[in-house]
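S.K.: Pasting a structure here, questions to come.
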Amino acid sequence: MTEANELEEKLDKAKLPCHIAIIMDGNGRWARKRRLPRVAGHRAGVKSVREIVRACGEIGIKVLTLYAFSVENWKRPRREVDTLMRLLREFLRREIPNLNKNRVRLMAIGRLKELPGKVQETLEKAIKSTEKNDGLILNLAINYGGRSEIVDAVKGLAKDVEKGICKLEEINEEIFEKYLYTSHLPDPDLLIRTSGEHRVSNFLLWQVSYSEIWVTPVYWPDFRRRHLLEALLDYQRRERRFGGI
Ligand code: IPE
Ligand code: IPE
Ligand code: MG
């Protein structure tokens, strides 16, 4: 029996997180360790995406949000940004048949309108062609920032107040959430970050209020099904209190 199978046997299928969010980090360091250019790390990271999407579907996770590109990542050298955009398009084009086969429904959050036109087109096509799938929701955070999401939500809400669709006195957390990019999704139960950094890096700031956080030193390109299972088993040992006792 493989290590992953052994771990999977220990999983309590009744206590799975509904929504897992992952900060896929460490591609550059993975490459540097091998004396390869950073983009080689991004290319290798796509393999992990494939494996983890598949594993989440098989295990029975409902939503997987992957942090693919942050609003801050535009600060990187032009060549690296271009490669990331190209890899994203390649992934979206190549994976559609596979996503459909595994009943995965693709969604995306972020300032998508600011993405290069070709990326937007490919993304829209992929979303459209998987929209009837009833398995795992694969939610890609692209040109995503937690603060910009909150600002965008405030603007949307302010507009509705102005138009009289919503009353100022009526605003509460439940109503506010309806203006976030994730209004159609539950909050993440489990937040995973690879490559050992203990920070949130502007990811789902509102939504991770009560997420369980799991950090691993493993670089994203080395992240495999067994690591996901380790995270899930650790999650299942925790007691979530949500402020109660
Ligand atoms: C994560 O890996 C991928 C993206 C942010 C797009 P990094 O590129 O941040 O890799 P490190 O953190 O420099 O090792
Ligand atoms: C977070 O990783 C963003 C993504 C995984 C897309 P970064 O590598 O950009 O974050 P910092 O700079 O280490 O905080
Ligand atoms: Mg990084």
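The values are calculated or read from the model by the stated rules, or taken from the named source; none is laboratory data. Note that the structure is predicted; figures quoted are calculated from it, not measured. Note that we place each Cβ from the backbone using ideal geometry, even for glycine, and neighbour counts take in every protein chain shown. All accessible areas refer to the heavy atoms of the entire protein, side chains included, with ligands and DNA or RNA removed. Shrake-Rupley method; radii C 1.70, N 1.55, O 1.52, S 1.80 Å.
S.K.: For the stretch 56-116, what are Rg and Dmax over the alpha carbons, in angstrom?
M.R.: 13.6, 38
S.K.: Could you tell me how many cubic angstrom of Cα convex hull volume the stretch 165-206 has per residue?
M.R.: It comes to 100 Å³ per residue, whole-number rounded.
S.K.: Mind computing the radius of gyration and Dmax over the alpha-carbon atoms of the stretch 58-156? Å is fine for both.
M.R.: Calculated on Cα positions, Rg and Dmax stand at 14.0, 39 Å.
S.K.: So, one more: Considering only Cα-Cα distances, which of the following residue pairs are longer than 32 Å: Lys47/Lys75; Lys128/Lys167; Lys47/Lys159? Before the final figure, lay out the partial values.
M.R.: Values: Lys47/Lys75 25 Å; Lys128/Lys167 34 Å; Lys47/Lys159 42 Å.
Correct reply: Lys128/Lys167; Lys47/Lys159.
S.K.: Write down the accessible area per residue of the chain in Å², having rolled a 1.4 Å probe over the full set of protein chains.
M.R.: About 55 Å² of surface per residue is accessible.
S.K.: Let me ask something else. Give the calculated FRET efficiency between Glu72 and Glu162 to the nearest 0.05, with a Förster radius of 25 Å applied to their Cβ-Cβ distance.
M.R.: In this case the efficiency is close to 0.25.
S.K.: Fully extended, how many nm does the chain gain between Lys128 and Glu197 (0.36 nm per residue separation, minus their Cα-Cα distance)?
M.R.: Extra length from Lys128 to Glu197 when fully extended: 21.3 nm.
S.K.: Determine Rg/Rh for the stretch 115-245; Rg is computed over alpha-carbon atoms and Rh is the Kirkwood hydrodynamic estimate from the same atoms.
M.R.: Working: Rg = 17.9 Å, Rh = 17.7 Å.
My calculation of the ratio gives 1.01.
S.K.: Moving on to the next point. Between Arg54 and Cys18, what FRET efficiency follows from the Cβ-Cβ distance if R0 is 22 Å, with the result rounded to 0.05? Let's see the in-between values first.
M.R.: Working: r = 18 Å, r/R0 = 0.83.
E(calc), rounded to 0.05, equals 0.75.
S.K.: Further question on the same structure: Could you calculate the FRET efficiency of Arg111 with Glu173 from 1/(1 + (r/R0)^6), where r is the beta carbon distance between them and R0 is 35 Å, rounded to 0.05?
M.R.: Working: r = 23 Å, r/R0 = 0.66.
FRET efficiency, Arg111 to Glu173: 0.90.
S.K.: Relative contact order of the chain, please, whole-number percent, based on alpha carbon pairs below 8 angstrom and at least 6 residues apart. Intermediate results must be reported in sequence, preceding the final value.
M.R.: Working: 372 pairs, mean separation 72.6, N = 245.
Reported as a whole number, the value is 30 percent.
S.K.: Ile165: accessible area at probe 1.4 Å, nearest 10 Å²?
M.R.: The accessible area of Ile165 comes to roughly 110 Å².
S.K.: Okay, next question. Whats the longest run of the chain with zero GluC sites (Glu not before Pro) that are DSSP loop and have at most 12 other Cβ atoms within 10 Å? Don't skip to the end; give the middle numbers.
M.R.: Working: sites that count: Glu131, Glu239.
With a cap of 12 other Cβ atoms within 10 Å, the longest stretch comes to 1-130.
S.K.: Helix-only mean residue ellipticity at 222 nm, the chain, DSSP H runs n ≥ 4 weighted -39,500 (n - 2.57), per residue, nearest 500. What is it?
M.R.: Numbers: 8 runs with 108 residues, N = 245.
Calculated mean residue ellipticity at 222 nm is -14000 deg cm²/dmol.
S.K.: Could you check how many percent of all C-alpha pairs in the chain are farther apart than 26 Å?
M.R.: 41
S.K.: Then there is this: Among the aspartates and glutamates, select those whose C-alpha is under 15 Å from the C-alpha of Lys178, and discard any that sit fewer than 8 residues away in the same chain.
M.R.: Glu149, Asp152, Asp160, Glu170, Asp187
S.K.: Report the Cα-based extents of the stretch 179-245 along its three principal axes, largest first, to the nearest Å.
M.R.: Reported extents, whole Å, longest axis first: 35, 30, 21.
S.K.: Among the helices of the chain (complete DSSP H runs), which have Cα atoms covering no less than 27 Å along the helix axis and a Kyte-Doolittle mean of at least -1.0?
M.R.: Length and hydropathy pass: 38-59, 78-101.
S.K.: Give the ranking of His19, His198, His184 by solvent-accessible surface, highest area first, calculated with a 1.4 Å probe.
M.R.: If we order His19, His198, His184 from most to least accessible, we get His198, His184, His19.
S.K.: From Cα coordinates alone, what are the radius of gyration and Dmax values for the stretch 6-80 in angstrom?
M.R.: When restricted to Cα atoms, the stretch 6-80 yields Rg and Dmax of 15.5, 46 Å.
S.K.: Exactly which trypsin sites (Lys or Arg not before Pro) in the stretch 13-108 are in a DSSP loop and have at most 12 other Cβ atoms within 10 Å?
M.R.: Those that pass, being in a loop and sparsely packed, are Arg34, Arg35.
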